[in-house]
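The values are calculated or read from the model by the stated rules, or taken from the named source; none is laboratory data. A quick note: this is a predicted structure, and the numbers were derived from the prediction, not measured. Glycine also receives a Cβ, built like all others from the backbone with ideal geometry; neighbour counts cover every protein chain displayed.
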Amino acid sequence: MKKYIIKIITVFAILAVASCSEDTIDLEGLGAVKGRVVAVGTNEPLENVKISTNPSSSTVFTDVNGEYLIENIPSGDYSLSAQREGLLAQFEAISVIADRELEIVFEMDIETAGNRPPDAAILDSPADNSVDQPLEVKLIWTGADPDDDTLTYTVALRNDENSDVEIFENITDTTYTLTNLAYKVKYFWQVSSNDGINDSVNSSSFAFETMGPPNNRIVYTRSVGGNSVIYSANEQGGTEIQLTPETKNSFRPRRNVSTGKVAFLQSVGSQTHLFIMNEDGSQVSQVTSQVSVAGFNLGEIDFSWLDNGSKLLFPNQDKLYSVNIDGSGLTLVYQTSNGNLISEVDKNDNNNVIVLKTNNLDGYEVEIFTINTSGILLETILSGVTGAAGSVNLSVDGTKLLYCQDVSGFESSDYRQLDSHLFVYNFGDSSVLDISIEKPAGTNDIDARFSPNEASVIFVNTSNDGISQKNIQTMSILEIANRADLILNASMADWE
């Protein structure tokens with residue numbers, strides 16, 4: 001009986017083992033992996049993503065729906081990867097089971113997703129709130145990037161004079177030189193750093209102030225690129241500063257010491273108008289608009305400050321006008337009775353005397369005379385002569401008048417002068433002093449003005465051929481043989 005029981009138990013054990021063997025994992029079989037690849041955040045399907053295993057089995061690429069399937073993978077442990085150019089590679093540890101199909105979804109990000117933005121630039125020079133900086137300033141800063149990316153920089157510059165912001169882009173160095181800055185202006189600068197991947201990062205903002213303008217008492221013009229450009233210089237002819245741009249035709253500068261302004265003529269389309277600016281060339285504003293400055297030859301036209309710098313006197317054909325420097329108050333002051341044109345005017349505020357030079361349409365039949373502010377004739381200095389004359393300038397006390405005259409009496413259609421001399425007329429005794437008796441032969445002395453102390457004159461000397469270089473010279477009124485060059489290749493000087 002005992003033996004029979006043992007046999008029965010053995011049979012059941014064998015049957016139990018046989019039935020259990022149907023659920024056993026076949027570690028030597030083949031499995032598969034399928035899934036989908038999408039973009040992080042949007043779940044947009046990603047096509048042409050390379051899907052492979054390590055150890056290597058098969059390699060497939062996702063379809064237009066971002067789906068993939070790798071079949072016939074021997075069972076075992078693998079690293080499943082998803083890779084595409086421009087995207088961060090993704091890896092997933094998997095265990096392939098025979099006759100099973102795993103499903104793995106990859107979420108992929110752009111390759112630079114882990115890239116860090118650059119550090120904010122550190123501004124080095126000029127130091128914050130530095131003063132007396134030159135008009136050409138070299139900005140220096142330090143830039144860095146935690147991923148060692150190549151950086152480009154943008155400099156933003158503004159000032160306390162207006163709301164303008166200048167932008168200098170695509171700078172690859174950590175320095176940038178600012179040029180053509182204005183005198184006595186406070187500038188603010190900031191640097192933004194960009195790695196081409198992340199948003200730009202701004203530095204702090206630094207400020208610096210440029211130096212004040214030099215005390216240049218002489219203003220003049222020089223031809224540059226076909227336009228007349230205004231400059232200033234000191235009394236030794238040094239520290240030259242360009243006041244007007246080369247893109248505009250600006251000429252006949254006249255300083256006014258009490259206001260710190262320079263008035264000048266500038267071409268506006270087909271007309272010529274009066275403008276004023278600061279002595280450093282800043283804050284330019286147009287004065288005339290309704291009536292332009294006009295005459296027989298714009299190169300011979302002159303105007304004058306009036307009422308201690310609050311107004312300007314200017315000619316328009318046969319009429320003389322005054323206007324406030326803000327453009328208001330246009331007033332007719334005088335009109336010639338014979339129809340001759342007014343070419344030059346000068347006003348002495350101490351005695352309210354106005355001197356005028358008039359001429360016909362060709363520039364001749366010259367008359368130089370004085371009137372009062374009511375237009376009443378006071379005194380005739382020059383009349384009934386042939387040839388050119390002009391360059392009138394009253395002394396500060398109103399007792400003398402400086403002018404030029406072509407003593408040759410020559411007249412021509414091109415207004416050529418052959419032998420122009422400078423003269424000083426004394427209102428007290430009507431005497432006339434020729435101060436050009438030592439002038440080199442074949443040259444003209446023109447465009448003369450008294451010096452501030454009136455002991456000498458500043459003027460232009462040039463060949464009488466009409467095309468040679470013009471040079472600004474100075475000469476003592478008492479020692480007329482001591483003329484000397486002051487500024488070469490320049491004209492229309494004023495010394496106040």
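Quick notes on this structure:
- Annotation note: of R158, R100, the sole residue that is surrounded by 13 or more Cβ atoms within 10 Å (Cβ to Cβ) and more than 19 Å from A207 (Cβ to Cβ) is R100.
- Residues of the range 174-200 that are loosely packed, with under 14 Cβ neighbours inside 10 Å, assigned to a loop (DSSP other than H, G, I, E, B) and in contact with a strand residue (DSSP E or B) (Cβ under 8 Å, 6 or more places away or on another chain): G196 alone.
- Yes/no for D326 being surrounded by fewer than 22 Cβ atoms within 10 Å (Cβ to Cβ) and free of Cβ contacts under 8 Å to residues at least 60 places away in the same chain: yes
- Selection from the range 441-496 of residues that are under 36 Å from the mean Cα position of the chain (by Cα) and β-branched (V, I, T): I446, I458, V460, T462, I467, I472, T474, I487
- Counted residues, the range 276-294 - those being surrounded by 19 or more Cβ atoms within 10 Å (Cβ to Cβ) and modelled with pLDDT of 95 or more: 5
- For the range 413-432, the condition holds for at least one residue, the condition being that it is over 27 Å from L306 (Cβ atoms), surrounded by 15 or more Cβ atoms within 10 Å (Cβ to Cβ) and acidic (D, E).
- Positions within the range 201-235 being surrounded by fewer than 15 Cβ atoms within 10 Å (Cβ to Cβ) and farther than 17 Å from M492 by Cα, in sequence order: N202, S204, S205, M211, G212, N215, G225
- Restricting attention to the range 436-451, the residues that are surrounded by 15 or more Cβ atoms within 10 Å (Cβ to Cβ) and either touching a Pro at 6+ places or on another chain (Cβ under 7 Å) or of a type outside the set (S, T, N, Q) (or both) total 7.
- Residue match in the range 347-356 (condition: without any contact (Cβ under 8 Å) to a residue 60 or more places away in the chain and more than 43 Å from the chain's Cα centre (by Cα)): yes
- Out of L382, L377, L401, L361, one residue alone is crowded, with 24+ Cβ neighbours inside 10 Å and assigned by TED's automatic domain parsing to the domain that holds D445. It is L401.
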